[in-house]
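The values are calculated or read from the model by the stated rules, or taken from the named source; none is laboratory data. Nothing here was measured: the structure is a model prediction, and the numbers come from that model. Note: ideal-geometry Cβ built from the backbone for every residue, glycine included; neighbour counts use all protein chains shown. In case anyone asks, the SASA skips ligands and DNA or RNA and just uses the protein heavy atoms, side chains included. Shrake-Rupley method; radii C 1.70, N 1.55, O 1.52, S 1.80 Å.
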Amino acid sequence: MLLNMRDLLKVAKENHFTIGAFNVTEVSNFNCVFEVAEELQSPTIIAVAVNELDFCEKEYYSYIREKLMNSRVPYCLHLDHGDSMKSCLRAIQSGFTSVMIDGSHLPFEENIAITKQVVDIAHLLNVSVEGELGTIGDLGNSDEGGAEKIIFTQPAEAKEFIDRTGVDTLAIAIGTSHGLYPEGFKPELQLDLLAKIVEKVDLPWSSTEDQGKMIIRLEKLRN
């Protein structure tokens, strides 16, 4: 079955589990992720990076949508790091059930403005929206991009951003980077900052995992 990310993560939150997201670039890559998810009966986020939209026609996404819709396993089809209203609309027109608008490189107010515009349109079509606040590092070996200097997400700004945009999920920066981590490299994650954000924000958030290939949507777990 095919759900938007808001509905998919609602179930995860209520039942205290996390959901992996995997970027797929072509059919064999997608089939690999799909077959394992089916075998494990594991809810999964199928993600497509914005720069990959130009390499695939709508037929590719129609194929993916049909496979996901005909499964009994819950899936979400998500645009990763959408860079403009145009790219988000293109994904929605291609049948994506969730889009990310990455305005993290913009000043705070401009990030809020573009994110709110995407939210206002996407929610009319039952498409969930992920925003990003703070910057992910770039190790120089990934086409997902990133920043030379990591700007950490601030708890108070995270709450204001969510309140003013209405996003369904939020990508935060606590010290991770895009790309394959070289041998011996150890990221210095700001877990104390993470705890403060969780205290302020009762919303699904995300952070890039160490291989830059899987995003774990972590929930605030309540006893």
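Values as computed for the structure displayed
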read-out	value
Relative packing of peptides 27-37, 83-93, 158-168 - highest average C-beta neighbours within 10 Å first	158-168, 83-93, 27-37
Debye, to nearest 20: dipole size of segment 64-143, +1 on Lys, Arg Cβ, -1 on Asp, Glu Cβ	520 debye
Integer Hz, Karplus 6.51/-1.76/1.60 couplings in order for segment 155-161, x for Gly and Pro	x, 5, 5, 4, 5, 5, 4
Residue pairs, from the table Lys10/Lys58; Lys116/Lys186; Lys13/Lys186; Lys13/Lys86; Lys13/Lys116; Lys67/Lys159, whose Cα atoms sit over 26 Å apart	Lys10/Lys58; Lys116/Lys186; Lys13/Lys186; Lys13/Lys86; Lys67/Lys159
Chain lengthening between Glu109 and Val73 when straightened (0.36 nm per residue, less Cα-Cα)	9.1 nm
Residues Thr18 and Phe152, FRET efficiency given R0 of 35 Å [Cβ-Cβ distance, rounded to 0.05]	0.95
Relative intensity, log₁₀ I(q)/I(0), of segment 28-167 from a Debye sum that treats every alpha carbon as a point, q = 0.18, 0.21 Å⁻¹	-1.08, -1.27
Accessible surface ranking that places the most exposed of Ser42, Ser104 first, with a 1.4 angstrom probe	Ser42, Ser104
Kirkwood hydrodynamic radius of segment 4-77, from inverse mean 1/r over distinct Cα pairs, in Å	12.8 Å
Label-point separation, Ser84 to Glu35 (7 Å along Cα→Cβ), nm	3.8 nm
